[in-house]
1. For region 72-85, enumerate the residues that are within 18 Å of residue 120 (Cα to Cα) and assigned to a loop (DSSP other than H, G, I, E, B).
2. Identify, by number, the condition in (1) assigned to a strand (DSSP E or B); (2) within 19 Å of the chain's Cα centre (by Cα) that residue 51 doesn't meet.
3. Restricting to region 7-39, give me the number of residues that are at pLDDT 95 or above and in contact with a helix residue (DSSP H, G or I) (Cβ under 6 Å, 6 or more places away or on another chain).
4. Across region 119-153, what is the number of residues that are among the polar types (S, T, N, Q) and under 14 Å from the mean Cα position of the chain (by Cα)?
5. Of all residues in region 3-36, how many are among the hydroxyl-bearing types (Ser, Thr, Tyr), part of a loop (DSSP other than H, G, I, E, B) and open to solvent by 80 Å² or more (accessible area, probe 1.4 Å)?
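The values are calculated or read from the model by the stated rules, or taken from the named source; none is laboratory data. Everything numeric in this text was worked out from a predicted model, so none of it was measured. Methodologically, a virtual Cβ is constructed for each residue, glycine included, from the backbone with ideal geometry; neighbour enumeration extends over all protein chains shown. Just the protein is used for accessible areas: all its heavy atoms, side chains included, with ligands, DNA and RNA removed. Shrake-Rupley method; radii C 1.70, N 1.55, O 1.52, S 1.80 Å.
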Amino acid sequence: MNDAPHTGPDRVPPGQYTTDKWPILTYGGTPRVDPETWTFRISGLVAAERVFSWQEFQALPRVRITADFHCVTRFSTLDNAWEGVATLELLRHVQVGPEASHVLVHCYGGYTTNLPLEDFLSARALLADRHNGKPLPIDHGGPVRLVVPHLYAWKSAKWVNGVELLSEDRRGFWEENGYHTYGDPWQEERFSSQETREAYQVRRRAKELGLVPKD
């Protein structure tokens, strides 16, 4: 995982263009979630599940992060000011099983996305309820969305309501429908077909080095 902010010539990943606009891209309908009934559940490989109400979430220590936002559809918006609760803070309130290695993020509306646990716990990852000093708009994931700045923005799931701790990777909605399982913008990891090519190249090189038998 490389979650350090990019600066200089490689600040904008290859294949991206910058814009001052923030396009609204959503598959399916937009859930209308009342903050007063919003909850966030931590489940899976934890000693005991924990559910946060809106009031409990708002009482947690808060963080502010300024980060760029890179959509797999090729637009990037720079210097977004996010405010919310760090993912690290949330998992301090449960006992995570030692075998946990990945998370599946759950959202209102049924959307899911997957991440390695270390990426979910990046020092710059948070559950954001404010953007550029204002409450997060519903169309952009309000009342709360996940923000993981070092991955493509489909991993920063909108309308989040839970995270499930897993012992292995389990693809989410877009990963099941053709997107890359990881999604590093600087490697242009956009599509699952790239994973097949990468696996083929690794195996071919291993054969050349005599690490695996030749066919």
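1. Here is the first cut: in region 72-85, the ones within 18 Å of residue 120 (Cα to Cα) are 82-85.
Within region 72-85, no residue meets the criteria.
2. Failing condition for residue 51: (2).
3. 2
4. Looking only at region 119-153, we keep the residues that are among the polar types (S, T, N, Q), and these are 122, 132.
Those left that are additionally under 14 Å from the mean Cα position of the chain (by Cα): 122.
Matching residues across region 119-153 total 1.
5. Initially, region 3-36 is screened for residues among the hydroxyl-bearing types (Ser, Thr, Tyr), giving 7, 17-19, 26-27, 30.
Going one step further and asking which of them are part of a loop (DSSP other than H, G, I, E, B), we end up with 7, 19, 26-27, 30.
Now drop any that are not open to solvent by 80 Å² or more (accessible area, probe 1.4 Å), which leaves 7, 27.
Within region 3-36, residues that are among the hydroxyl-bearing types (Ser, Thr, Tyr), part of a loop (DSSP other than H, G, I, E, B) and open to solvent by 80 Å² or more (accessible area, probe 1.4 Å) number 2.
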